[in-house]
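The values are calculated or read from the model by the stated rules, or taken from the named source; none is laboratory data. Bear in mind the structure is a predicted one, so any value in this text is a computation, not a measurement. Methodologically, a virtual Cβ is constructed for each residue, glycine included, from the backbone with ideal geometry; neighbour enumeration extends over all protein chains shown.
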Amino acid sequence: MNALHDDRPPRGRGAQSTRFLVLYALAAAGGAASYAPFLSILLPLQVNAQWGAEGIRVLSYCAFIGAVAASVSNIVVGWLSDLTGSRRGWIVGGLILSSVLLLSMRFAENMSTLLAMIVVWQIGLNMMLNPLMAMAGDHIPDEQKGMLGGMLALSPAVGALVGALVTIPGFADAGLRATLITAITTLLIVPLLAFGRPVAIPALVTPVAADTASGTLPPLITGHAVRRMWLSRLLIQIGEATMFAFLLMWFISLDHTLTESFTARLFTVVLFAAVPLAMAVGQWSDRAGKPFMPLVVLSGIAACGMLTIALSTTSTGGAIGYVIFGLSAGVFLALHSGQTLRILPRPQTRGRDLGLFNLTNTVPSLIMPWLTLALVPLFGFGTLFMILAGLCAIACVLLATIRGKATA
């Protein structure tokens, strides 16, 4: 058996209700709405207004400290939610804490205060996000993991939409923007907590022995598979983070007449186009019983898209390359999130293990700036994008060669 065909017996019995799936998808979108507009728009605006020319330095500190706090808190909170056996209480607590900090952030008068508030906000945020993701593993069986991944593609699109909404010129000042974000986040998450009544599937939460050699674990749940899934996501995320941070600068280097509006529209179109595509591909993988084949294909397409970007000399060619990369990488990351829950070895440590997988979301923010600074001044963006294409290709090979019965 290989990564393209999963013939192991189902871990659970029956399917989760459509109602719960929809409520969960909305809550996951609320999670994205809670942080994406703040990190991409509100925080940079606040820093620029308060610190002016020193804003880049302050923002860099915020990004670094925030990534470290997110990495640590996600693992710790996941571990604690495993120990308590409860997800909902942590989600509620995280929602309250992160909302209070977001509403208070604009009152930070110096950098030390702002950094401290960023750390506490990240703790609250991950107190909400980790148990929310673990809840999917607790209730959604393997036979619906593809559909789950497809629905998760809605999250970044909603995050971008909320950011666009709160920044409509003349619509809201800084204080009202934060209030709107917390209100939208709450409206999206609370229905799951109040009305989400999942079908009980005991096999999904039954503790599993740690010894993979005992035969109690399904074949794909091995250290080999877990490591390759982790590393493949990290490699794709490095490319995604780099494009998110430097796409505008690269476009301007090709065509000085382009503005941030062009890049923003391109990002938005790609994010929303990825939603129906991810849902279609995810549902196909469920019906075909081939959960990993889309990941292999999508990472290969992402490599081709990045290669197209690297070879482009015009903004039109670059835009085409980004659409190819952005769509494939966006769908990949959504489906990967769903299938990650399939290969985590033990339900009793699901939250902690998801925290370790969350490092693939935070570590790229620490790697990407140094990689860019080391390459672009000497060799240009083309060399950087060629290396990123290579990383995507490596991710493709890693996924295509997962062995079903590898030793840990």
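Scanning the stretch 312-338 for residues that are more than 17 Å from residue 384 (Cβ to Cβ), crowded, with 23+ Cβ neighbours inside 10 Å and of a type outside the set (Gly, Ala, Ser) yields 331, 332, 333, 335, 336. Summed over the stretch 342-371, the residues that are more than 25 Å from residue 39 (Cβ to Cβ), assigned to a helix (DSSP H, G or I) and of a type in the set (A, V, I, L, M) give a count of 1. Of everything listed in (1) closer than 18 Å to residue 395 by Cα; (2) modelled with pLDDT under 95, the single unmet condition for residue 317 is (1).
Quick check: anything in the stretch 376-384 farther than 30 Å from residue 314 by Cβ, touching a Ser or Thr at 6+ places or on another chain (Cβ under 8 Å), at pLDDT 90 or above and assigned to a helix (DSSP H, G or I)? Looking through the stretch 376-384, none of the residues is farther than 30 Å from residue 314 by Cβ, touching a Ser or Thr at 6+ places or on another chain (Cβ under 8 Å), at pLDDT 90 or above and assigned to a helix (DSSP H, G or I). Would you confirm whether or not the stretch 308-320 contains a residue that is under 18 Å from residue 21 (Cβ atoms) and either among the aliphatic types (A, V, I, L, M) or part of a helix (DSSP H, G or I) (or both)? No: the stretch 308-320 contains no residue that is under 18 Å from residue 21 (Cβ atoms) and either among the aliphatic types (A, V, I, L, M) or part of a helix (DSSP H, G or I) (or both). Kindly check whether there is at least one residue in the stretch 144-154 that is among the charged types (D, E, K, R) and modelled with pLDDT under 90. Looking for residues that are among the charged types (D, E, K, R) and modelled with pLDDT under 90, one finds none in the stretch 144-154, hence no.
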